[in-house]
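Structure, as structure tokens:
Nothing in this text is a laboratory measurement; each read-out follows from the coordinates by a stated rule. Model, not experiment: these values are computed from the prediction. Neighbour counts are summed over all protein chains in view; Cβ atoms, including those assigned to glycine, are modelled from backbone coordinates with ideal geometry.
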Amino acid sequence: MRCVICNGSTIKKRQVDEELKDGDNVVLIPIEVLVCEQCGERYYTRQIMKTLEEIEEDIKEKKISLKEVGRVLKPSIT
Ligand SMILES: [Zn+2]
């Protein structure tokens, strides 16, 4: 498998934090995906997409308990 972005040949499985939006909040989902070592492009298999969709649903239905690990900040416009 070659990277469709940079044509690099080193695509490896890596543990990443996938960002899901929940209103104004960002939820980080630790998940293993294929990542191009050269340009950082992430490749999602059908199975991973499905898993992420299920997690997103669970978050919406409050089936997953979340804890705060940081805050999302924006510059304040005065
Ligand atoms: Zn690449």
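The figures follow:
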| read-out | value |
| --- | --- |
| Burial ranking of peptide ranges 43-51, 69-77 (average Cβ count within 10 Å, highest at the top) | 43-51, 69-77 |
| Estimated distance in nm for a label pair at VAL4 and GLU19, the labels positioned 7 Å out from Cα along Cα-to-Cβ | 2.2 |
| Estimated FRET transfer efficiency (THR45, GLU68; beta-carbon r; R0 30 Å; 0.05) | 0.50 |
| Using θ = phi - 60° and Karplus 6.51 cos²θ - 1.76 cosθ + 1.60, couplings along the range 25-42 (whole Hz; Gly, Pro as x) | 8, 10, 10, 9, 10, x, 8, 8, 10, 8, 10, 6, 5, 7, 10, x, 4, 9 |
| Estimated Rh, the chain: Kirkwood, alpha-carbon pairs, angstrom | 14.5 |
| Residue-by-residue Karplus 3J(HN,Hα) for the range 14-21, coefficients 6.51, -1.76, 1.60, Hz, glycine and proline x | 9, 7, 10, 9, 7, 8, 10, 8 |
| DSSP-loop GluC sites (Glu not before Pro) across the range 47-78, with at most 12 other Cβ within 10 angstrom | GLU61, GLU68 |
| Two-site label geometry, LYS12 and ASP58: point separation in nm, points 7 Å out along Cα→Cβ | 2.8 |
| Likely footprinting exposure, SER65, SER9, fewest C-beta neighbours within 10 Å first | SER65, SER9 |
| Whole-Å distance, taken between Cα centres, linking the range 49-70 and the range 1-46 | 18 |
| 0 to 90° range, to nearest 10: angle between helix 46-60 axis and the chain longest Cα axis | 0 |
